[in-house]
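Presented below is the structure to which this report refers.
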Amino acid sequence: MKEKMYISTRGQQEPLNFYEAILQGIGCDGGLLVPDFKIEQKDLKALENLNYEDMATEIISVFTPEGTKEDIRKLCHQAYGEGLFPKDVVPVKKAGKVYIAELFQGPTAAFKDMALSLLPRFMTYSLKQKGEEREVMILAATSGDTGKAALEGFKDVEGTCIKVFYPIDGVSPVQKQQMVTQTGHNVDVIGIKGNFDDAQTAVKKAFQSEKLKGLCDQHHVFLSSANSINIGRLIPQIVYYFYSYMTLVKQKEITLGEKVNFTIPSGNFGNCLAGYIAKQMGLPIHQFIVASNKNNILTDFFHTGTYDANREFYKTNAPAMDILVSSNLERLVYFLCQDAKKVQGYMERLNETGVYKVDDDLLNMIQENFKAGWLSEEEVLKTIGACYQENGYLLDTHTAIGYGVYKTYQKETNDQTKNILLSTASPYKFPGSVYQSVSGKVLDEYEATEALNQMTKVEIPTPLQGMKDREILHKKVIEKEAIVDFIGEQIKEINL
Ligand SMILES: *Cc1c(COP(=O)(O)O)cnc(C)c1O
């Protein structure tokens, strides 16, 4: 059988196998890695009664080399079956008629845990399979939750070290506290003066830097990524689409084969793209509803086909979605047109002018699958308050955006298809805004946590308890222009 290979959306990368794709993280041409094989359709009946780790094994091994399924089962067991997550991993709750799949029950109370509890295991597994002796340096840019989840996933993992860059004014106090108190001998957390896009752009630049390449060779290091540009982040995210669907089948809320909608609070578009792949694998999905905040570049794109990054960047109360360069959209465009030259052309235009427009055929295909909308910050707060009053369910700011956008979609279209909203954060990640929404009062984040707990009786996730008193271990702050040089200095310290 032919080996499953991965290629770049921009066409210049020699095909890589799974291990190489995981370790390299991004195409050598700046494009994103995508499967170059026909993705297998899954038999829904065979998945129906599996627990999370077994379902993950079935889905993920579609993307890994032949004969690795039992190894993948072990990795999935370590990630999802050994107590990092609750027993049902992704509980599905209900708020009125909306089903809510809670993706935030992992070790750092972030949706990013869904993938980042597995990616480091993919990496060490790939290092072993390749007989790789160099050290991996993981670079991650974060708008909040990726950083903590990646730090926790990679801490003390042999053969790896991790550098996380976060915008000092672009993450919530709770998120910042989670990161700067991170323990582990191989972890580094660096504040940058700039926004998330600055951090992400600088990290992408680091991968392309000839100077860093030279240093890496000299010091037996190679760079890799923990951002959702890494295909190893994307693949584990396909699983919870199947899992939340099957949970509804088991609860007799839907019948096997019935179509559902998914609503997804989106930023870098990795979450939504994983759903699109699930659909290609045979999961009966009618519509994806893509929800954005005031940084509504995706809403405009899905409505007009024009991706226009020449706009103001807003810091909002849903900071994980404050993004203007939505990386994974490039993969969607590639999947739909299967034309790397075309994608490269779009991306060149985006780089040079900040804008690209897809052609009409592409736009039609996109609009068949995706609906989009956005909420202002005031609407976010109102939505949290209204949902709590009506249903007793406490949304965080990001999930509230999904909830509000879905409600508007439902009203406008009268679409009766059942809807699963993917909840990407615990309300205790953004307690100030959430408390304000349900009480009308403004408190600082830590006071709000206590007050929210007393008022609603919703439990505070274990990883977020006792945060205030943890020792601060990381205080470095650098200019955004200094990131590449900083990484160079760090490489020099390895294998002197
Ligand atoms: C990362 C994140 C998102 C955005 O997910 P993408 O996969 O980047 O679209 C939304 N909400 C929260 C809370 C997140 O952490």
(request) Identify, from the list G131, G159, G153, the residue that is free of Cβ contacts under 8 Å to residues at least 24 places away in the same chain and away from the ligand (no atom under 13 Å from the Cβ). (result) G131
(message) Cβ contacts < 6 Å: first residue on the phi > 0 side of the Ramachandran plot and in contact (Cβ under 8 Å) with a residue 40 or more places away in the chain, restricted to segment 247-272; second residue of a type in the set (A, V, I, L, M) and not in a loop (DSSP other than H, G, I, E, B), any location; separation 6+ or different chain. Result?
(response) F269/L329
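Scanning for something away from the ligand (no atom under 16 Å from the Cβ), among the acidic types (D, E), more than 21 Å from the chain's Cα centre (by Cα) and surrounded by fewer than 22 Cβ atoms within 10 Å (Cβ to Cβ), does segment 198-206 turn up at least one residue?
Looking for residues that are away from the ligand (no atom under 16 Å from the Cβ), among the acidic types (D, E), more than 21 Å from the chain's Cα centre (by Cα) and surrounded by fewer than 22 Cβ atoms within 10 Å (Cβ to Cβ), one finds none in segment 198-206, hence no.
So is Y406 closer than 18 Å to G96 by Cα and assigned to a helix (DSSP H, G or I) or not? Write out each step before concluding.
On the way: closer than 18 Å to G96 by Cα: yes; assigned to a helix (DSSP H, G or I): yes.
Yes: the conditions hold for Y406.
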(request) Please find, within segment 255-269, the residue that is surrounded by the fewest Cβ atoms within 10 Å (Cβ to Cβ) out of those that are more than 10 Å from the ligand (Cβ to nearest atom) and outside any strand (DSSP E or B). (result) T255
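Would you be able to tell me the number of residues in segment 355-395 that are part of a loop (DSSP other than H, G, I, E, B) and among the polar types (S, T, N, Q)?
Residues of segment 355-395 that are part of a loop (DSSP other than H, G, I, E, B), as a first pass: 358-359, 375-376, 392-395.
Those left that are additionally among the polar types (S, T, N, Q): 376.
Residues meeting the conditions: 1.
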(request) Mind listing just one residue for me: the one in segment 155-182 that is assigned to a loop (DSSP other than H, G, I, E, B) and at pLDDT 95 or above and, of those, nearest to K492 (Cα to Cα)? (result) Q182
(request) Take A400 and decide whether it is touching a residue at least 24 places away in the same chain (Cβ under 8 Å) and assigned to a helix (DSSP H, G or I). (result) yes
(request) Kindly list, by first and then second residue, each pair from a residue in segment 476-496 that is modelled with pLDDT of 90 or more to a residue that is loosely packed, with under 15 Cβ neighbours inside 10 Å and assigned to a loop (DSSP other than H, G, I, E, B), limited to pairs with Cβ atoms under 8 Å and residues at least 6 apart or on different chains. (result) V477/I168
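Every residue, every condition in (1) at pLDDT below 95; (2) at positive phi; (3) not in a loop (DSSP other than H, G, I, E, B), yes or no:
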residue: G27; (1), (2), (3): yes, no, no
residue: K42; (1), (2), (3): no, no, no
residue: K45; (1), (2), (3): no, no, yes
residue: M55; (1), (2), (3): no, no, yes
residue: I59; (1), (2), (3): no, no, yes
residue: P65; (1), (2), (3): no, no, no
residue: I72; (1), (2), (3): no, no, yes
residue: G83; (1), (2), (3): yes, yes, no
residue: D88; (1), (2), (3): no, no, no
(request) Pull up segment 270-292, narrow it to residues that are part of a loop (DSSP other than H, G, I, E, B) and surrounded by fewer than 22 Cβ atoms within 10 Å (Cβ to Cβ), then point me to the one that is nearest to the ligand (Cβ to nearest atom). (result) M281
(message) Can you find a residue that is crowded, with 21+ Cβ neighbours inside 10 Å, in contact (Cβ under 8 Å) with a residue 12 or more places away in the chain and part of a loop (DSSP other than H, G, I, E, B) anywhere in segment 212-220?
(response) no
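The values are calculated or read from the model by the stated rules, or taken from the named source; none is laboratory data. Computed from a predicted structure; not experimentally measured. Quick reminder, even Gly has a Cβ in these numbers, built from the backbone with ideal geometry, and neighbours come from all protein chains shown.
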